[in-house]
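A.B. asks: Before I ask anything, let me first share the structure, which is written out below as structure tokens.
Derivation of every value follows stated rules applied to the coordinates shown; laboratory data play no part. All values reported here derive from a predicted model rather than from experimental measurement. Counting neighbours? That spans all protein chains shown, and the Cβs are built from the backbone with ideal geometry, glycine included.
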Amino acid sequence: MRTLKLSLVLLIVLSVFTSGLMGQSNDGWRAAIQTIEKLTKEKPEINYYEEKVQPYTLPDALTTVDGKKITKSSQWGKMRRPEILELFRGNVYGRIPETPYQQSFKFVDLDKNAMGGLATLKEVDITIAAEGKSLVIHLVLFTPNKAQVPVPTFLLINNRGLANMDPTRVTKSDFWPAELAIARGYGMAVFNNADVDLDNFDDFKNGIHGLLDKSLRAGDSWGTIAAWAWSASRCMDYLETYKDVAKDKVAVVGHSRGGKTALWASAEDTRFFMAISSCSGNVGSSIARRHYGETIRKTNAGFPHRFCTNFKKFNDNERYR
């Protein structure tokens, strides 16, 4: 029931925000022809016409690789869910290395009168260390002063620069509307994905890859999205320890590449109560087999660092199983 309610809410939100880009026909909502023509002119190699989508078949999510039908929730948890996770680890996002590391938390700032007395601000440095090297994830957290604690909390994966997560609130960004959430009794946490790994191809030498990748990279070695998702879990490690946060009601949030990350973070880490994924697109919530919009080849060509090397075998081969 909770999933149904969330789906209905997301459907309403999407219909509102896309109303300017869509047109209504007798068989439902379709992209406005002006938008289709504009996109096609800009990227003629990509199909934006629904009528050009070829027939496709999706694998049954409730049938295991060896053909067994999933009919009970216990079967899902024991059989099919682990199977799907392994498919994504081995073929899309990659596998987290088993390198041992140490993690520590350090308070950087505490302001009990933030936002004009409406919130408490905590800034925490999460240090990840291995073999004499380290990096720091800077976590910013606001919790409401006029709400019964512990409070449900949103954790944003910030992929738009530090100005969007200003702890002083001198600069306010709609990308992280902290004041709005605080006014409604929610906690608002955020970290910058660049703390962990920059969004560019550096042959996986810097960031968390340079820290934890101790063996030669394989076809299923983790990419940048998996690294960002892993860092969201490290933030969750801290949120679990803070008494004012309801640790069983933390939602991970992301937009675009951050939306992909939020989906993968919540799939890998069941401590997240919910994932809010905005515009995650190809290799996110969209169906790659439809051959509509950005393709896997296009994604891999533009952002090869975000995925494991094995993902390239799906270039022009979305129907591969």
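A.B. asks: If you rank Ser215, Ser134 by fewest surrounding Cβ atoms within 10 Å, what's the result?
C.D. replies: Values: Ser215 9, Ser134 13.
Starting with the residue having the fewest Cβ neighbours, the order is Ser215, Ser134.
A.B. asks: May I pose another question? What distance in nm lies between label points placed 7 Å from Cα along the C-beta direction at Ala130 and Lys78?
C.D. replies: Roughly 3.3 nm, to one decimal.
A.B. asks: In a shell of Cβ-Cβ distance under 14 Å around Pro150, excluding Pro150 itself, what net charge do Lys and Arg (+1) and Asp and Glu (-1) give? Walk me through the numbers before you get to the answer.
C.D. replies: Working: positive: Lys122, Lys243, Lys247, Lys249; negative: Glu240, Asp244, Asp248.
That works out to +1.
A.B. asks: What do you get when you divide the Cα radius of gyration of the chain by 2.2 N^0.38 Å, with N the number of residues? Walk me through the intermediate numbers first.
C.D. replies: On the way: Rg = 20.9 Å, N = 321, 2.2 N^0.38 = 19.7 Å.
It is 1.06.
A.B. asks: What net charge is computed for the residues neighbouring Arg95, neighbours being all others with C-beta under 12 Å from the C-beta of Arg95, Lys and Arg scored +1, Asp and Glu -1? Walk me through the intermediate numbers first.
C.D. replies: Values: positive: Arg89, Arg217; negative: Glu86, Glu98, Asp213, Asp220, Glu268.
Computed value for this residue: -3.
A.B. asks: Then there's this: Only helices at least 18 Å long along their axis, Cα-based, and averaging 0.0 or more on Kyte-Doolittle count here, so list those DSSP H runs from the chain. Numbers along the way, then the final one.
C.D. replies: Numbers: long enough: 2-17 (23 Å, 2.00); 224-239 (23 Å, 0.41).
What comes out of the filter, once short or polar helices are dropped, is 2-17, 224-239.
A.B. asks: Arrange Tyr101, Tyr93, Tyr238 by Cβ neighbour counts within 10 Å, fewest through most, would you? Please report the intermediate quantities before stating the final value.
C.D. replies: On the way: Tyr101 16, Tyr93 29, Tyr238 20.
Going from least to most buried by this count: Tyr101, Tyr238, Tyr93.
A.B. asks: Just grab the label-to-label distance for Asn315 and Ser256, each label 7 Å out from Cα along the Cβ direction, in nm (one decimal).
C.D. replies: Result: 2.3 nm between the two label points.
A.B. asks: Just how far, in whole angstrom, is the stretch 85-108 from the stretch 156-191 if you go by their alpha carbon centroids?
C.D. replies: The distance from the Cα centre of the stretch 156-191 to that of the stretch 85-108 comes to 25 Å.
A.B. asks: Please check: in the Gaussian network model of the chain (C-alpha springs, under 10 Å), which one of Asp66, Asp195, Asp213 has the largest mean-square fluctuation.
C.D. replies: Asp66
A.B. asks: Let me have the 222 nm mean residue ellipticity of the chain computed from DSSP H runs of 4+ only, each contributing -39500 (n - 2.57), with the sum over all residues rounded to the nearest 500. Working shown, then result.
C.D. replies: Numbers: 9 runs with 88 residues, N = 321.
Calculated from helices alone, the mean residue ellipticity at 222 nm is -8000 deg cm²/dmol.
A.B. asks: Moving to a separate point now. What share of the DSSP beta bridges in the chain is antiparallel, in percent to the nearest 5?
C.D. replies: Working: 31 of 48 bridges.
Antiparallel bridges: around 65 percent, rounded to the nearest 5.
A.B. asks: Pairs of alpha-carbon atoms within less than 8 angstrom and 6+ residues apart define the contacts here; what relative contact order does the chain have, in percent?
C.D. replies: Details: 545 pairs, mean separation 56.2, N = 321.
The normalised contact order for the chain reaches 18 percent.
A.B. asks: Taking the DSSP beta bridges in the stretch 78-215 as the whole, what percent of them are antiparallel, to the nearest 5?
C.D. replies: Details: 26 of 32 bridges.
Expressed as a percentage, antiparallel bridges in the stretch 78-215 total about 80.
A.B. asks: Contour minus end-to-end for Arg271 and Thr64, with contour as 0.36 nm per residue of separation and end-to-end as the Cα-Cα distance? Intermediate results must be reported in sequence, preceding the final value.
C.D. replies: Values: separation 207, 0.36 × 207 = 74.52 nm, distance 2.47 nm.
Length gained, Arg271 through Thr64: 72.0 nm.
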